[in-house]
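The values are calculated or read from the model by the stated rules, or taken from the named source; none is laboratory data. Model, not experiment: these values are computed from the prediction. Note that we place each Cβ from the backbone using ideal geometry, even for glycine, and neighbour counts take in every protein chain shown. SASA here: full protein model, heavy atoms, side chains in, ligands and nucleic acids out. Shrake-Rupley method; radii C 1.70, N 1.55, O 1.52, S 1.80 Å.
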Amino acid sequence: MEIVKSRQQMVAIAREVQRANRSIGFVPTMGALHEGHLSLMREARAQCDTLVVSIFVNPTQFGPAEDFTNYPRDLDRDAALLASEQVDYLFAPTASDVYPPEFSTYVTVEGLSEQLEGASRQGHFRGVATVVAILLNIVRPDVAFFGQKDAQQAAVLKRMVRDLAFDTRVVVLPIVREESGLALSSRNAYLTDEQKRAATVLHRGLSRASRAHREGERSAECLIQIVSETIAAEPLARIDYISLNDAEDFQPLVQVENRPALLAVAVYIGKTRLIDNMVLGVTQKKDAAAV
Ligand code: AMP
């Protein structure tokens with residue numbers, strides 16, 4: 001595996017790979033890698049000839065009171081993990097390489113960025129869309145892989161790629177969880193053992209609501225209430241939001257209709273803010289499906 005630090009070097013490599021008619025798969029990350037990240041890389045490895053992973057803790061997607069400074073960073077450990085996953089190139093640029101002096105161009109995806117995470121984290125998706133646009137222009141991947149763990153981010157980026165005509169296909173892969181149900185996250189590293197146990201309440205709440213949905217509950221208020229009661233019973237948890245939105249356009253729902261809905265939560269466990277979600281699918285009636 002080659003570690004690439006500069007924008008110019010990465011652009012030159014990408015051009016060379018393209019000239020050799022080899023496809024590029026790309027997994028952008030902020031490092032502190034875990035099995036969730038690795039699941040994206042394994043799929044990218046299976047689909048593409050050349051695998052590029054980036055590690056960049058992107059300052060523009062963090063709010064001033066957020067954890068940019070403390071975000072876990074361990075490039076040596078991450079690089080060793082990536083080498084064992086047969087990654088070809090690790091792109092680990094510096095902030096000034098991604099954002100040259102007097103940087104002044106930002107990407108805003110309207111309509112999908114204001115709800116949920118966008119409401120709690122002002123400017124977050126502007127930072128995400130901007131950095132991913134830059135990275136896509138540098139790496140020029142045929143396919144870019146993202147996790148459903150950040151469902152709204154995936155939707156924002158899919159829309160950006162379509163609207164701005166990036167020549168990249170976006171693939172979104174399922175959430176990888178611990179056996180306890182806790183969704184893997186780099187931020188889980190902040191949790192004590194007791195907090196980690198408490199954090200399983202996010203998945204428990206979502207699962208209960210999902211079961212109620214399968215059994216016929218369609219009211220957003222009732223489904224949200226199920227999650228809320230479950231999480232409220234955990235003394236270490238403090239709810240930021242629980243929301244039920246259309247899984248595609250992210251408009252808030254009053255009632256789950258015949259389209260997939262996204263039940264999403266953000267919860268503080270101590271000072272650590274965790275997010276999780278579940279898609280409530282469309283359950284086909286047997287006789288309707290047979291028509
Ligand atoms: P991050 O390093 O947190 O920016 O994440 C990089 C990519 O990994 C994003 O596309 C995330 O959605 C994805 N990811 C993070 N956690 C998980 C998980 N538990 N399962 C699947 N994908 C994940």
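Odds and ends about this structure:
- Note: relative contact order over the range 102-195, using C-alpha pairs below 8 Å and six or more positions apart, is 25 percent.
- The HN-Hα couplings worked out from phi for the range 257-268 by the Karplus form 6.51 cos²θ - 1.76 cosθ + 1.60 (θ = phi - 60°) are 9, 8, 9, x, 10, 10, 9, 10, 10, 10, 9, 8 Hz, whole numbers, x standing for Gly and Pro.
- Here the dipole of the chain is about 260 debye; that uses its Cα centre as origin and unit charges on the Cβ of Lys and Arg (positive) and Asp and Glu (negative).
- Charge dipole of the range 154-291 (Cα centre as origin; +1 on each Lys and Arg Cβ, -1 on each Asp and Glu Cβ, all else neutral): 200 debye, rounded to the nearest 20.
- Pairs of alpha carbons in the range 6-45 separated by more than 14 Å make up 58% of all such pairs.
- Surface calculation, 1.4 Å probe, protein heavy atoms: Arg7 sits at approximately 70 Å² accessible.
- Net +/- balance of residues flanking Leu206 in space, Cβ distance below 14 Å, scoring K and R +1, D and E -1: +2
- The range 86-198 - percent of accessible surface contributed by carbon and sulfur, probe 1.4 Å: 46
- Structure remark: mean-square fluctuation, Gaussian network model of the chain, C-alpha springs under 10 Å; the largest value among Val279, Val17, Val132 belongs to Val17.
- For the chain, DSSP calls about 50 percent of its internal beta bridges antiparallel.
- Between Asp193 and Tyr241, the FRET efficiency estimated from the beta carbon spacing at R0 = 25 angstrom works out to 0.40.
- Principal-axis tilt of helix 35-47 within the chain, Cα atoms, nearest 10 degrees: 60
- The Val282 and Gln86 beta-carbon pair, evaluated with R₀ = 41 Å, returns a calculated FRET efficiency of approximately 0.65.
- Over all other residues within a Cβ to Cβ distance under 15 Å of Ile55, the charged ones net out to -3, with Lys and Arg as +1 and Asp and Glu as -1.
- Computed on the range 1-109, with alpha-carbon pairs under 8 angstrom and 6+ residues apart, the relative contact order is 38 percent.
- Full-extension gain in nm, Thr105 to Arg73, via 0.36 nm per residue minus C-alpha separation: 8.8 nm
- Measuring r between the beta carbons of Gln225 and Arg162 and using R0 = 41 Å, the FRET efficiency lands at 0.70.
- Accessible-area value, Leu236, 1.4 Å probe, nucleic acids and ligands omitted, Å²: 70
- Estimated translational diffusion coefficient (Stokes-Einstein, Kirkwood radius over Cα pairs, 10 °C, 1.306 mPa s) of the chain: 79 µm² per second.
- Computed from backbone phi with θ = phi - 60° and the Karplus coefficients 6.51, -1.76 and 1.60, the 3J(HN,Hα) list for the range 92-98 is 10, x, 8, 4, 6, 7, 6 Hz; x is used for glycine and proline.
- Proximal aspartates and glutamates to Lys5, defined as alpha-carbon separation beneath 18 angstrom and excluding residues fewer than eight positions away on the same chain: Glu16, Asp74, Asp76, Asp78, Asp88, Asp97
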